[in-house]
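K.L.:
Take this structure first; my questions come after.
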Amino acid sequence: MNLIIPLAGFGTRLRPHTYTKPKPLINVAGKPVLGHILDRLMADGTQIDTVVFVVGFLGDQIHDYVSRNYPGLRARYVEQKELNGQAPAILLARDLVAGPTFVVFVDTLAHVDLSSLRDEQADGVIFVKEVEDPRRFGVAQLNADGHITRFVEKPANMDNRLAVIGMYYFRDAARLMRACEDLLARDIKTQGEYFLADALNLMIETGARLRTSRVDVWLDCGKPDTLLETNRYLLEHGHDNSGAWNDCDCVIVPPVHIHPSATIVRSVIGPYATIAEGCQIEDSIVRDSIVDAGARVTDHILARSLIGRDALLIGRPRRFNVGDSSVVGFDFE
């Protein structure tokens, strides 16, 4: 099995954090998003032959992270210089992969067992999740036999709720690459870009049999709000290490993930807080937030916050003289 991981985008929805680091290296529940993806895909013992990282802006940080944390991985790096769509990104890996290949976009965390694909007979498996409102996603249309007849980007109605989550298996990488080449040759664009969904429609037109596989859990790491939702889920499902902080000069409200090198003094941490390596938290309350490596927070109350690497938040206690029946800090119409 080979992996292709396109991650060349600028991550504009996560700015200002993505001005200085690629979106896949944003910390969530104790490790970068990319680390969660790699760990999940390799957890079932599937032999990974080659992983192709399609990098762009700040791609050297991806290389450094993978080399340092996954030294045994057969990693290859290609640069997408023109951000003109998903299909051109995948096409950059055409000379590096052959045979069974899994494509995953880095916004997506989901429970997928690659070992279940070893005896797959379909030409491709597209992972989907039923959603309440499919109009902001791409969806897969199925025939009576359960095979995909067409992909539709951002449908206008609510008839089909099977949203494509950004994970794809292909039995033959060469067939996928031919479809991407055909897409570019025919200059088929959606919203000015070459979408993978349009390449998959071309595969179907040439007789490829594609089916769906439904996932129960689909976590989005592409926006601040959804990143915090993902952080909450991961802390509740295996990433809570609050038990290691019983003797600190602080109050820990699980679930949390606190790096052993962090310093916590006279503070309340949690629930749903991630505190990265080298952080210093003093006289503060931090809940439902992610504080990245080396940041210092003093005299603050944080909730639903993202604090970047080496950031410095220094507050101070405030003085109030508030009379009877007064209200401070609330908005009333």
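The values are calculated or read from the model by the stated rules, or taken from the named source; none is laboratory data. This one's a predicted model, so the numbers in the text were calculated from it and none came from an experiment. Please note: Cβ atoms are built from the backbone with ideal geometry, for glycine as well, and neighbour counts cover all protein chains shown.
K.L.:
Consider K154 carefully, then state whether it is surrounded by 13 or more Cβ atoms within 10 Å (Cβ to Cβ) and of a type outside the set (S, T, N, Q).
P.N.:
no
K.L.:
Moving on. Can you tell me which condition V97 does not meet? The list is (1) among the aliphatic types (A, V, I, L, M); (2) over 17 Å from P24 (Cβ atoms); (3) in a loop (DSSP other than H, G, I, E, B); (4) out of contact with any Ser or Thr (no Cβ under 9 Å at 6 or more places or on another chain), and all the others hold.
P.N.:
All conditions pass for V97, except number (4).
K.L.:
Report those strands (runs of 3 or more DSSP E) wholly inside the range 253-323 carrying at least 1 residues which are polar (S, T, N, Q) and within 22 Å of K223 (Cα to Cα).
P.N.:
So the answer is 273-275, 289-291.
K.L.:
Here is a further query. Tell me which residues, restricted to the range 131-147, are assigned to a loop (DSSP other than H, G, I, E, B) and within 22 Å of the chain's Cα centre (by Cα).
P.N.:
If the condition is that a residue be assigned to a loop (DSSP other than H, G, I, E, B) and within 22 Å of the chain's Cα centre (by Cα), then V131, E132, D133, F137 are the ones that fit.
K.L.:
Please work out which residue is modelled with the lowest pLDDT, limiting yourself to the range 148-165 and to residues that are assigned to a loop (DSSP other than H, G, I, E, B) and charged (D, E, K, R).
P.N.:
D159
K.L.:
Only residues that are part of a loop (DSSP other than H, G, I, E, B) and small (G, A, S): list them for the range 169-193, please.
P.N.:
Of everything in the range 169-193, just one residue is part of a loop (DSSP other than H, G, I, E, B) and small (G, A, S), namely G192.
K.L.:
Something else: Condition test on T226, is it surrounded by fewer than 18 Cβ atoms within 10 Å (Cβ to Cβ), under 27 Å from A122 (Cβ atoms) and not aliphatic (A, V, I, L, M)?
P.N.:
no
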